[in-house]
1. Just to check your reading of the model, which residue among A175, A186 is modelled with pLDDT under 85 and crowded, with 23+ Cβ neighbours inside 10 Å?
2. Among the residues of the range 94-119, what is the count of those that are assigned to a helix (DSSP H, G or I) and under 23 Å from G30 (Cα atoms)?
3. Give the residues of the range 46-93 that are over 18 Å from P113 (Cβ atoms), part of a loop (DSSP other than H, G, I, E, B), without any contact (Cβ under 8 Å) to a residue 60 or more places away in the chain and open to solvent by less than 70 Å² (accessible area, probe 1.4 Å), sorted by residue number.
Amino acid sequence: MSATTTTIPPGARAGFARALVADVGRPGPGAVQLVARVLAELVAEPEPPREAPIVLAATDYCLRAVAEFTAKCEDTAQRLRPSVSLALEPSLLLGRFTVEHAWQGPCYALATPGGAGESALRWAMAAVESGTVPAAVVCEVVHGRAAGEETLLAAAALIGPDGATTSEARLLGGALDGLDSVLLRAARGEAVRT
């Protein structure tokens, strides 16, 4: 898919991020590829350093994975395979990207009911502002409905101490209407708890 650029309305918060990338797809096995594509596009620039931490907000992914796992456990007509339980692990969303890009920074996955995106953003901004790390990457995976279909959104932002006003977001494909993302709200200058 070719990248398109959308303009975020004026008033975007200064210092939020140097870059923001988002893409949409269908929920399911393609989630790993979607996250890998968004992160690869984000780090295609010379920065961030390969040692930057990645903080993944994966509450929606985890809730869906648990629901699917429970349904498979309750379906006595199907054989439950050990690999089915692997889908419960949100860190798998980062595996493909970290291997393909030889990422050396630590990776964290958060699944906090009602606030993983905000927690991830707050952690990254505090770590950068305190000088603990020179930059951090926040990735958010959100389930929702767009154009009447169940949709998965992956958004990633590079947080840095000299982040300029975020005025553009690179969209790799699909429409974002109807999808709620802390990263997109923060880039538009809307209030988020950080």
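1. Values: A175 fails: crowded, with 23+ Cβ neighbours inside 10 Å.
Answer to the selection: A186.
2. At the first step, the residues of the range 94-119 found to be assigned to a helix (DSSP H, G or I) are 94-100, 116-119.
When the remaining residues are screened for being under 23 Å from G30 (Cα atoms), the result is 94-100, 116-117.
The total comes to 9.
3. If the condition is that a residue be over 18 Å from P113 (Cβ atoms), part of a loop (DSSP other than H, G, I, E, B), without any contact (Cβ under 8 Å) to a residue 60 or more places away in the chain and open to solvent by less than 70 Å² (accessible area, probe 1.4 Å), then D75, S91 are the ones that fit.
The values are calculated or read from the model by the stated rules, or taken from the named source; none is laboratory data. Just so we're clear, the structure is a prediction, and the values are computed from it rather than from any experiment. All Cβ positions, glycine included, derive from the backbone under ideal geometry; neighbour counts span all protein chains shown. Side chains included, ligands, DNA and RNA excluded: accessible areas come from the protein's heavy atoms. Shrake-Rupley method; radii C 1.70, N 1.55, O 1.52, S 1.80 Å.
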